[in-house]
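All remarks here apply to the structure that follows.
The values are calculated or read from the model by the stated rules, or taken from the named source; none is laboratory data. Predicted model, so just to flag it, every value in this text is computed and none were measured. Note that each Cβ is placed from the backbone with ideal geometry, even for glycine, and that neighbours are counted across all protein chains shown.
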């Protein structure tokens, strides 16, 4: 490599380092753990309250999922879930609330295009692949389980 090219490469590396954000991986992991834990504790609290009101464990679990989906959708609509996500990172992607956010966000974003071409067409842009591959994988596992058992 010529000296001129090497100088350009070093200059480019300095520009990349200057433009790239610093990674705070330990702090990010702690925030994700704490916020994800808080979301899970809220879910457990709801389950316990429902169980104290006489619901069975299965009923409590189902209603807790519905309540968490509703809360996450409302927070997404108010623009608060994205702020939680920016702070918590992966901690806000606890399966049920993160999935609710991924379905609600495109619906809100494209509502101005109408219910059919906006909301209806775009609601599963992010969540669609998850539903597709989750369904296919669960079918395959079921088929394998059927023949192995």
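Residues in region 68-83 that are surrounded by fewer than 17 Cβ atoms within 10 Å (Cβ to Cβ) and assigned to a helix (DSSP H, G or I): 70, 74, 77, 80, 82, 83. Residues that are buried (at least 20 other Cβ atoms within 10 Å of the Cβ), closer than 7 Å to residue 31 by Cβ and free of Cβ contacts under 8 Å to residues at least 60 places away in the same chain within region 84-98 comprise just one, 88.
Pairs linking a residue in region 31-46 that is modelled with pLDDT under 95 to a residue that is in a helix (DSSP H, G or I) and surrounded by fewer than 19 Cβ atoms within 10 Å (Cβ to Cβ), with Cβ atoms under 6 Å and 6 or more positions apart or on different chains, are 32/89; 32/90. The condition (being exposed (fewer than 10 other Cβ atoms within 10 Å of the Cβ), farther than 21 Å from residue 96 by Cβ and within 29 Å of the chain's Cα centre (by Cα)) is satisfied by just one residue among 4, 22: 22.
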